[in-house]
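Take a look at the structure below.
The values are calculated or read from the model by the stated rules, or taken from the named source; none is laboratory data. Fair warning: this is a prediction, and the values are worked out from it, not measured in the lab. As a convention, Cβ positions derive from the backbone with ideal geometry for all residues, glycine included, and neighbour counts pool all protein chains shown.
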Amino acid sequence: MKIIGKIKYVLLVPFVYKNFVKAFFSGLGLLNKNKECCWSLRNGLKICGTGSRWTWFILNEVFIKQEYAVSVSYPRTIIDVGANIGAASLFFAKRFPNATIYSFEPSKKNFNFLRKNIELNSLQKRIIPVNAAVGKSNGKTNLYLNSDNDGCHSLLREWNPKGKTVEVNVISLDQFIKEKKIREIDLLKIDCEGTELEVLQSVKNFAKIKNIVLEAFSGTDENYVSKIISFLEKKGFKIEKSKTPIIFAYSNI
């Protein structure tokens, strides 16, 4: 982030957070990362997570940088793959008051915060949490944990080679759509630490998906992002890539 961007970033904190002093302490790493911390936003939302500065950075990506402020007309159904503690899901719920959001998060710790944040904001009827990763078929898989950043757990060992391993549920998105009788996905958001392409490849019926927003880093594969873009273009999507790792794609069909 360039110096002007950093200054703007810092100046926006008091305009986004009511308890902005705590927010600054979070960013400086002065809070206990193993204890619960709650933030009150000026838009009326309340969000709880750990006191880790990484949790605060995730919130800032969503509410200060507004990385998911995509232009989607009156969405009714949103799917959030890699919901973490629910920042993006809450952002979508606030931005799109008529939308129902299905939020997938495999980590039990993150999922518990996700569910708590839904309840804190009385959004139980609009955000439906699912304690699972998304894959090709229903079953179980390993999640490799990042000891410093709860937002960087991954299904790929190479992302966290020294991290602890826990078994988590996996759900097929196609099967979930069928079971829930979802006719159309107005927005599919994906942020799952290196398996974004795998999630996309697991979908058989792209005709139901109108818009996709995802975060993707090259990681160990320098061609990873270009592979995602190429895959989506072949499926009939037009790509808009921002300056951040965020890619927005909308159906051209």
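So residue 152 fits all but one of (1) of a type in the set (A, V, I, L, M, F, W, C); (2) closer than 15 Å to residue 87 by Cβ; (3) without any contact (Cβ under 8 Å) to a residue 40 or more places away in the chain; what number is the exception?
With respect to (1) of a type in the set (A, V, I, L, M, F, W, C); (2) closer than 15 Å to residue 87 by Cβ; (3) without any contact (Cβ under 8 Å) to a residue 40 or more places away in the chain, residue 152 is out only on (3).
Do you know which of the residues in region 95-117 that are touching a strand residue (DSSP E or B) at 6+ places or on another chain (Cβ under 8 Å) and charged (D, E, K, R) is surrounded by the fewest Cβ atoms within 10 Å (Cβ to Cβ)?
108
So that you can scan it fast, the table gives a plain yes or no per residue for (1) surrounded by fewer than 18 Cβ atoms within 10 Å (Cβ to Cβ); (2) assigned by TED's automatic domain parsing to the domain that holds residue 203; (3) more than 20 Å from the chain's Cα centre (by Cα); (4) without any contact (Cβ under 8 Å) to a residue 40 or more places away in the chain:
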residue	(1), (2), (3), (4)
7	yes, no, yes, yes
12	yes, no, yes, no
21	yes, no, yes, yes
32	yes, no, yes, yes
50	no, no, no, no
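Can you tell which of 122, 147, 137 is in the same structural domain as residue 211 (by TED's automatic domain parsing), modelled with pLDDT under 95, more than 22 Å from residue 35 (Cβ to Cβ) and not in a strand (DSSP E or B)?
Selected residue: 137, the only one of 122, 147, 137 that is in the same structural domain as residue 211 (by TED's automatic domain parsing), modelled with pLDDT under 95, more than 22 Å from residue 35 (Cβ to Cβ) and not in a strand (DSSP E or B).
Consider residue 1 against the criteria (1) modelled with pLDDT of 80 or more; (2) farther than 24 Å from residue 112 by Cα; (3) not basic (Lys, Arg): it satisfies all of them except one. Which criterion is unmet?
In the conditions (1) modelled with pLDDT of 80 or more; (2) farther than 24 Å from residue 112 by Cα; (3) not basic (Lys, Arg), residue 1 misses (1) alone.
To keep it simple, each residue is scored yes or no on (1) touching a Ser or Thr at 6+ places or on another chain (Cβ under 9 Å); (2) of a type in the set (S, T, N, Q); (3) free of Cβ contacts under 8 Å to residues at least 60 places away in the same chain.
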{"residue": "164", "(1), (2), (3)": "yes, no, yes"}
{"residue": "174", "(1), (2), (3)": "yes, no, yes"}
{"residue": "179", "(1), (2), (3)": "no, no, yes"}
{"residue": "191", "(1), (2), (3)": "no, no, no"}
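Which condition number in (1) under 25 Å from residue 147 (Cα atoms); (2) touching a residue at least 24 places away in the same chain (Cβ under 8 Å); (3) exposed (fewer than 11 other Cβ atoms within 10 Å of the Cβ) is the one that residue 44 fails?
Of the numbered conditions (1) under 25 Å from residue 147 (Cα atoms); (2) touching a residue at least 24 places away in the same chain (Cβ under 8 Å); (3) exposed (fewer than 11 other Cβ atoms within 10 Å of the Cβ), the odd one out for residue 44 is (1).
Identify all residues within region 211-227 that are touching an Asp or Glu at 6+ places or on another chain (Cβ under 6 Å) and crowded, with 20+ Cβ neighbours inside 10 Å; write none if there are none.
Result: 214, 216.
Just to be sure I understand the filter: pairs with C-beta atoms under 9 Å, separated by 6 or more residues or on different chains, first member in region 118-133 and surrounded by 16 or more Cβ atoms within 10 Å (Cβ to Cβ), second member assigned to a helix (DSSP H, G or I) and hydroxyl-bearing (Ser, Thr, Tyr). Which pairs pass?
118/89; 123/89; 127/89; 129/89
Of all residues in region 175-225, count the ones that are under 24 Å from residue 58 (Cα atoms) and of a type in the set (S, T, N, Q).
Looking only at that region, the number is 4.
Here's the yes/no breakdown for (1) buried (at least 18 other Cβ atoms within 10 Å of the Cβ); (2) within 22 Å of residue 76 (Cβ to Cβ); (3) in the same structural domain as residue 131 (by TED's automatic domain parsing):
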| site | (1), (2), (3) |
| --- | --- |
| 158 | no, no, yes |
| 168 | yes, no, yes |
| 175 | no, yes, yes |
| 178 | no, yes, yes |
| 184 | no, yes, yes |
| 189 | yes, yes, yes |
| 194 | yes, no, yes |
| 207 | no, yes, yes |
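So, in region 118-142, exactly how many residues are in contact with a strand residue (DSSP E or B) (Cβ under 7 Å, 6 or more places away or on another chain), more than 23 Å from residue 155 (Cβ to Cβ) and charged (D, E, K, R)?
Total satisfying the criteria: 1.
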